[in-house]
Structure formats: structure tokens, C-alpha cells
Amino acid sequence: MYADEICRMMVWSRGTGPASHDDAEHGSDPLTREWLVTNGLGGYASGTISGAVTRRFHGLLISALPAPLGRTMMLSDLSARVITSDGKVVQVGGQEPWLDDSAAQVIDLAEFRLEAGLPVWRYEGAGMMFERRLLLPHGQNTVHVTYTLLKGEGPVQIELQPWVNFRPHEGALDRPVAGPYALTVIEDRYELASPSDLPPLRLKVQGTRAEFRIDSARLRNVRYRIEQSRGYDAVGEFYSPGRFGLELPVSGSVTLVASTEPWETINALSTEEVQRAERKRRTRLLLAAAPEVRSGPPAELILGADQFLITPAGRVEDAARARAAGDEVRTVIAGYHWFTDWGRDTMISLEGLTLVTGRHTEAGYILRTFAHYVKDGLIPNMFPEGKNDGLYHTADATLWFFHALDRYLTYTGDRETLRLVLPTLIDIVEHHTRGTRFGIGVDPKDGLVRQGEEGYQLTWMDAKVGDYVVTPRRGKAVEINALWYNALRLIERWVREAEGDGAARRYGAAAEQAKASFNRRFWSDELGYLYDVLDGERGDDDAFRPNQIFAISLPHPVLDAARWKGIVDQVKARLWTPVGLRSLAPGHPDYKPKYFGDLRARDMAYHQGTVWGWLMGPFIDAWLKVYPADLAGARSLLEGFTPHLDEACAGSISEIFDAEPPFTPRGCVAQAWSVAEVLRAYARTARSAG
């Protein structure tokens, strides 16, 4: 399988306009579908297929800059228009916000496709056909936007106009464009700078000689329709210093290169060389992956997985420390567009993103990187945008670290990494046994882990509205204790291998106590399933949630096997959807069938019914423990993700979905653990597809 063989195509008839939807966030037309290209540093380019900007995160170059800057919008957009011989203006693409001349002709979008995961647009009209391609060289804050005239009568005069608004990528829109911008020109190199600590935006045209016409302009009242639907400020401005003008022959191409890198880096490779290098890189990604996922939708997800694995820009001290030890710093962006790297998401995603895909060396980098960050027995929950220091308010991320390491060792047999991190793992267990931050610690009465502190949301169900924690789950959460038991069994084995039976015995005893207490206390004969939380603020919580599935799905299941089938069958009947598991069963008073509205309304629904794609992975693990011969049935559970690859972000999987049909995708349009767990599940069920 070569990268060039992977192509996802969408075709529209001429003049296709936005479809009618009951919300502004997602749909099936080119105005609501999105695309994403990343650069391996945390930077990216993204937008709607139509070309309209609808999110504050839409832009052609969002650079990942050193702390404290973080990811920064540097090139907001690029308009292209043709000037005909009789002076008429023909706009290439009909959804751009600057198109305010009703008399202008439009060359409409006819086709969008992903070639090897990279976006290509085809525009047709006015006797012409154009193709646009976009690419970010791996490891650079640079974008190449290429226009090719596929059909027309002789050379055409084309103008390319860059639009900017330098700001943090999640920054406010309702303020004036930063300025004044200063334009510097040296031969064919252009630099646009603002009076700030940001690097200049460097611009250059490749492919033909171009003249630049200085004609500064401001575009006011640019409306971001998705931001408006989500209750955020939704009106902004763009600034343009002028236009590049050039003559483009039939079959000729022109590329605008925009970058925050030094000129030496920008000029090192031509656009053609960058394209060849990137396609070779993507082919290597496919060839490195497990054979069972190298074709069909899983192959697309291999390329989708690559978007989340990054070398974090700006963590200079961490990089120096890692390199001194012969390592590199790696981490995982939890989701695009607004998440940074999260410990929990990284550990859950590790197998799908790096082990199924054959990127074992990077998996080791990630595990050793996070081992360095352990503090008071916890790994960081997240690293805020533009910060070097992590936040540690999580009860489960550290326990997922044990699981991720176990999966890594299964794939690689890397005992040296285990030797290096074993003292850290022992320290983690000691901190949990004694008690550590945020009320996280073992209750000596039953050996179960309790957690919780006023104002903090410590499990993966972590929505918070102001000071109100929507699902606080303080007490003894079912998945925390499933993870705790799994971690105890793992460290029991690892310590036995390193130090013998005597040293390992105490971990085995703790595991036995936790398992006995878990089965005695979490199981309810009356309910026929597991409590979600014990000893909580309001007693024991009997809400039917997916968290109980981890008592079965993990390599060391804490739940007695006789009870597995009843829970799996109920989860299938009450929580399963074609795109993941509901976070709360219908019929509960707090159940929300739809995730929409302003931030408060969305957060109130986030874990109260909303479907999470990543939960499909552990559910299939549990399903195959109960029905080990039903590989075909397990594979069929994944079928809903194939049409989803045409929705939301083309070629990727969303964070969440509405709880009821049509299961509208919501939240981040590309989510690491969604892609990782679905890809892992494809590999897990592969023999049935053979």
C-alpha cells in the first residue's frame, strides 16, 4: 500500500449551496465539512471545504511557537481571483467571506478529495478549471498553497491576496486587527511584521515571477458562524497588505509559501520537493503499520493518527534533557482544534496511535517523557497552551500510564524502558497507597481508591460550568478502581521479574483486597450491573454509564467473569450506537439527547448521554471476552465510522456525537483517542475481515 493509493473524494454539482440544518456546526455540505493538515509540531492548517471561515481556528497557517506564545494564527486565508481580458473579476471559490461583489463571477467548487490524506480542491466555471493543493512540510511552521490552471483559453491573469490577523489561535475575535503591520520587501521575499514578540510572516511565490501590488485593505465584520452557534464572540477582522499578480499558463502552477521559519529553511526545498518528501513519509507510515490495517478505512486512520503525534514546540529544557539521555520529546495533541496534550488522552491513545501503526520508538519517547513529569505520584492531566508546566488534576491518567506501558512492552519487549521507569511506578503506587493530591488515595478499609476535592473534576467525565462540576463523581469511581486493580497486577508482575516473589507479594495482596471489595461493593444484584460511584456525595450512584465496561475490558479484569455477559449485553442494548457509547443511558433524569447551544448547555450535556467514539475500543475488548468467536460481529460494530469519515473533518473521527439519530458529530472534529481506539479495534477484529 502506497500513500498515493488512498483517496477520499467528494463531488458537488455546480452552484451547490449550504444545506439546511438545525444547527450550524456540522452537516453534509461543503460549508460544514472541514479539513485538517498538521505539521508534527502542534501547528496546523484547517478550514471548511467550501473555503468559508466558520471557526476562530480556521486558517492556512497556525504556527506552533515557543512558550509563552503557543499556537498562533499567522495566515488567516488566501483569496484567488482571475482578471479576464475585458477586466471582469472571476473569483476562484464562492464561499470566501471577502466576496462581497455581487457582480463577480464565481468558479465554483466541483470536487474535493483527500490524496494520501492531503486536501485537493477542483473549481470549475467561466470556461476555466483550477486545482488547489495545500501542504505543511513536516517539522516546519510553513504552508504551501498551490494553484494549477487545468483548463482555460491561454494564459490568465491571477491575483493571490493573503489575509492575516495575528493572534493566539483560540484568541478573541472581537478586537481590532493587531497593528500596524510593517511590510518589508527584499527582492522576491516579503515579510509582514506586527509590533509584538511574534516572528514575522514570511511570504514568497514559487513557480513563476510575480509582482506585488501594495494595496492594504481591511475586511471587517467577518462572521464565524460556528463560533456564534457555540455562544462565543463571532465577528472579527482580516488585514491584507496587498496582492500578488502573475500570468498563469494552462497546466501551469503557482505556489504561495507562507512561513514563520528562517529564510534558509523556507528556501531549502521547492514545493515539488516538499510534496515528494511528504508522500514518501506517508507511504513509510503505511508500510510500518500492522498489515491488517494498511487498506480501507483503517489505512486512512493511520494517516489521521499521524496528525496527533508531535514534537512539542518551545519546551527547550525538556528537549535538552531528553536528548542528553539519547531520547526525543514526544507527546500527543488530544484533539483539534482547541486541545493541547493531555496525559489521560495520551495514555489511552498510545496503543492505537503508535503501536498498531508501528511507531514503537515514538511510543517509548512518549512514555519516558511522561515518566519525567511524574510529581507526587501523578502524571499531568494537561499542559496549558503556551506553558511548560503541566496541571495534575486527574485521578485516572496515571493509572492509564500503567496500561500504556504494558501494551508497549507487549509489542516491543523493551525491558530497558521498564527498568528505567520501574522506580517511578513503585513511587506512584506508594503515593496512591498513602494518599496524594486532590484526595486521591486508597481507603485502608477496603483497598479501593477514592478521589475528589471540592471544585475539581478528576475523572475523564470532567465537565465544569463555572464553579459547578457537572459530574463530580467524588468517591470511589468504578473505572478508577478497575484501573487500580489492573495497575496492581501489572506492578506485581514487574516487581517479581526484577526483585523476586518477596518484593512482589504486597502488591498481590493489595490486588486481592481490591478485587474482593470491588465485587462485593460495586456489584448490585438488584440492579444487575455495577454502581458508577460508591461513597459519593449523595451515597452510591446507580446511574447506568459506560465506565463499568473497564471492569471487563482491561487485561486484568477486576470483575468476576460470571457477571461479564450481563453487563456487556446491557451496555450493547442501552449505550451502544454506531459511533460509540452513550455516556449515560436514556431514561435517567439527567439524560441529554443532544449536545448543542452555548458553553453551559454543552457542558451540561457533555457526559450526560453524549456519545464518545473512543469508548468503542474498550467495548469491543469486552465484547470479545464474552463472545470470543464473534469477530465478524465485533467488526460490524465499527461500520458506522466509515460514513463518518466523510463528515465533520474528512478522514478523521470526531470527539463526540449526539446521543440520538442521526448521531450528529460534535466537539473537536478530529480527536486522538477516537482515531486511536477505532484504529486499534479495526486491528483487533481484523481476522474477521480477511
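Remarks
- Put the Cα centre of the range 346-419 next to the Cα centre of the range 432-475 and the gap is 21 Å.
- Other residues lying with their Cβ under 12 Å from the Cβ of THR72 contribute a combined charge of -1, Lys and Arg counting +1, Asp and Glu -1.
- With the convex hull constructed from alpha-carbon coordinates only, the range 575-690 shows a mean projected area of 7.2 nm² over all directions.
- In this structure the amide hydrogen of LEU65, modeled in the peptide plane, comes within under 5 Å of the amide hydrogens of GLY70, ARG71, THR72, none closer than 5 places in sequence on its chain.
- The range 510-569: C-alpha gyration tensor shape, a/c 1.5 cut-off, then a/b vs b/c: oblate
- When each of LYS594/LYS625; LYS464/LYS572; LYS572/LYS594; LYS88/LYS151; LYS476/LYS592; LYS476/LYS594 is checked by Cα-Cα distance, pairs over 26 Å: LYS594/LYS625; LYS464/LYS572; LYS476/LYS594
- Within the chain, percent of DSSP bridges classed antiparallel, to nearest 5: 95 percent
- When the chain is reduced to its Cα atoms, the Kirkwood hydrodynamic radius in Å: 26.4 Å
- Dividing the summed -39500 (n - 2.57) terms of all DSSP H runs of n ≥ 4 by the residue count of the chain sets its mean residue ellipticity at 222 nm at -9000 deg cm²/dmol.
- Positive minus negative residues near VAL235 (Lys, Arg vs Asp, Glu; Cβ under 10 Å): -2
- Put the Cα centre of the range 125-190 next to the Cα centre of the range 484-557 and the gap is 55 Å.
- Among ARG132, ARG281, the order by Cβ neighbours within 10 angstrom, fewest to most, reads ARG281, ARG132.
- Rel. contact order, % - alpha carbon contacts under 8 angstrom, at least six apart, the chain: 12 percent
- Panel order for ASP535, ASP525, ASP396, by other beta carbons found within 10 Å of each beta carbon, from fewest to most: ASP525, ASP535, ASP396.
- Computed 3J(HN,Hα) for the range 357-365, one whole-Hz value per residue from the Karplus formula 6.51 cos²θ - 1.76 cosθ + 1.60 where θ = phi - 60°, is 8, x, 9, 5, 4, 5, 4, x, 4, glycine and proline marked x.
- The local environment of SER259, defined by Cβ-Cβ distances under 9 Å, has a net charge of +1 under the rule Lys, Arg +1 and Asp, Glu -1.
- J(HN,Hα) series, the range 372-379, from Karplus relation 6.51 cos²θ - 1.76 cosθ + 1.60, nearest Hz, glycine and proline x: 5, 7, 4, 9, 6, x, 10, 8
- Per-selection Kirkwood Rh - the range 8-282 (Cα, Å, 1 d.p.): 18.9 Å
- Among 47-55, 364-372, sorting by the average number of other beta carbon atoms lying within 10 angstrom of each residue, highest first, gives 47-55, 364-372.
- Its residue count N sets the reference 2.2 N^0.38 Å, and the alpha-carbon radius of gyration of the range 80-191 equals 1.25 times that reference.
- Remark on the range 169-231: Rg and Dmax equal 15.5, 45 Å (Cα only).
- Cα gyration tensor shape of the range 300-432, rounded if a/c is under 1.5, else prolate or oblate by comparing a/b with b/c: rounded
We did not get these values from a lab; they are worked out from the coordinates using the rules stated. All of these numbers come straight from a predicted model, not from anything done at the bench. So basically every Cβ, Gly included, is an ideal-geometry build from the backbone, and we count neighbours across all protein chains shown.
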